[in-house]
Amino acid sequence: MDCHRLPLTEKPGIETLDSVLTSAPDHPWSHKRFLPEHVVFHHGVHASAGVACSDCHGEGYMKNHYGGEKFDMQTCLKCHRGETFKEKGYKPAATYCAACHR
Amino acid sequence: MDRREFIKSCSLVAVMGLLFGCRKSELLGDIASQFSVPELKRFEDEVKLAMSRAKKSLDLVRVSAPGPLKIPGASPVNRFGMAIDLDLCDGCGKCILACNLENNVPLVPAEDATRGRFMHWVEMRGNAPLMCAHCGDAPCEKVCPTGAANHTPDGISAMMYKRCTGSRFCGANCPVHARKFNFNDAQSLGLARQFNKEVPLRDKGVMEKCSLCLHRLQNDRLAFKTRNPLSEWRGRGVKTACAEACPKNAIVFGNWLDPESPLARLAKTRILYAPREVAALDPSVVFVRGRR
């Protein structure tokens, strides 16, 4: 089974995509990490605690608008102290320094 | 050339110089991450030098096993600590190098090295490794004017480098001198190397010390809470770099309040000791010797 290697339709877009993909470098994107080195943030913990993406990232990603969010320690702390999202019933989380800093 | 013209040309030169200076500093910002990094051999040699200059005396007194912390908000289930088995330890010093590489501990300039002022978080005292005891009643934290030295609920005397303003009160108040001050800008002097990307390099003017490999505990805690959001994290399976590196397994890391932890099991059959200076301060890192 090699379905994904074959052009499935005759649409010209598919061939263009194929030719671009064959000439693309291994990592065509460059990822820039904006989180400072001394801060720890783990998406998994927040997701498994039931925090929705839109709580921090807004609704933009649903319309394919990415980036532009501004985070600071106050944003984190307010939620960890249980001040924001009261209606969602999120539990207060750790607020000691070494929970997020190293 | 009259006076006015002379002053004009002078100020022009000054402005040009300033502009050139700005351009240069921008350029420096770009290559800041490419400071020369020292060879691994230099770290090994420094550890050997530190070992040869180690103080010979370690005055130990008996202590009881650490219980739950007495600070407000302390965790009733976690208190991390270590025990160093003096019956097994032969003072090889592999823990010092392992710690330095794990925590990106910088080298010191030659002048400091001749005076024995190393940045090592673990040092040899009386042929056994001595590090921060993570006292439950830590004297260093009481004198910190900024709150950079503080206690986590699970018993680690943590150090928040970005909060530290370098008053050095904590270092003066530590009875075993476990805290080390960054007198030199190790990165620009080419004395620092980031072996471990998990641990940030420290700036000049910041106090540092053993963190009980805080980053390992943090990573484990986050991974555990992702997998089991409802159960209690006990830090099982985590080891510090020194405990991992010890060829005789003389350093045991664990959770004093977890009966399944190797540390709690060890403490049941052994006699615990602590350096005389910190014995009354409820230390989390202790020495064990002999059986009871």
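No lab work stands behind these numbers, since they all come straight from the coordinates. This one's a predicted model, so the numbers in the text were calculated from it and none came from an experiment. Here the Cβ positions follow ideal geometry from the backbone for every residue, glycine too, while neighbour counts run over all protein chains shown.
With contacts taken as Cα pairs under 8 Å and at least 6 residues apart, chain A reaches a relative contact order of 26 percent. When chain B is treated as a GNM with alpha-carbon contacts under 10 Å, the residue of B:Lys48, B:Lys225, B:Lys209 showing the greatest mean-square fluctuation is B:Lys225. Considering only A:Pro92, A:Pro12, A:Pro25, the mean-square fluctuation computed in a Gaussian network model of chain A, springs between alpha carbons under 10 angstrom, is largest for A:Pro12. Under 5 Å from the amide H of B:Val286 lie the amide H atoms of B:Met82, B:Ala83, B:Ile84, each residue being 5 or more positions distant or on a separate chain, with H modelled from the backbone and absent for Pro and chain starts. Taking amide hydrogens as placed 1.01 Å from N in the peptide plane, the amide H of B:Ile251 sits under 5 Å from those of B:Asp85, each at least 5 positions away in sequence or on another chain.
I'd like the distance between the alpha-carbon centres of the range A:26-102 and the range B:52-122, rounded to an integer number of Å. If you average the Cα positions of each part, the centres end up 35 Å apart.
Look at the dipole of the protein assembly as shown built from charges on Cβ: of A:Ala47, B:Val285, B:Val199, the Cα furthest out on the positive end belongs to B:Val285.
Dipole check for the range A:31-99: with +1 at the C-beta of Lys and Arg, -1 at the C-beta of Asp and Glu, and the Cα centre as origin, the magnitude is about 40 Debye. For chain A, modelled as a GNM whose springs connect Cα atoms under 10 angstrom apart, the maximal fluctuation among A:Val40, A:Val20, A:Val51 occurs at A:Val20. Each of A:Cys53, A:Cys97, B:Cys140 has some number of other Cβ atoms within 10 Å of its Cβ, and from fewest to most they run A:Cys53, A:Cys97, B:Cys140. For chain B, what's the relative contact order in percent, using C-alpha pairs closer than 8 Å and at least 6 residues apart? Relative contact order for chain B comes out at 27 percent. A Förster radius of 51 Å, combined with the Cβ-Cβ distance separating B:Glu44 from B:Leu230, puts the computed FRET efficiency at roughly 0.65. Principal semi-axes of the equivalent ellipsoid, √(5λ) from the alpha carbon gyration tensor of chain B, are 43, 22, 18 Å from largest down. As a proxy for reagent exposure, B:Trp233, B:Trp256 were ordered by neighbouring Cβ count within 10 angstrom, fewest first; the result is B:Trp233, B:Trp256.
Just to be sure I understand the rule: take each whole DSSP H helix in chain B, project its Cα atoms onto its long axis, keep it if the span is 15 Å or more and its mean Kyte-Doolittle hydropathy is at least 0.0. Which ones pass?
B:3-30
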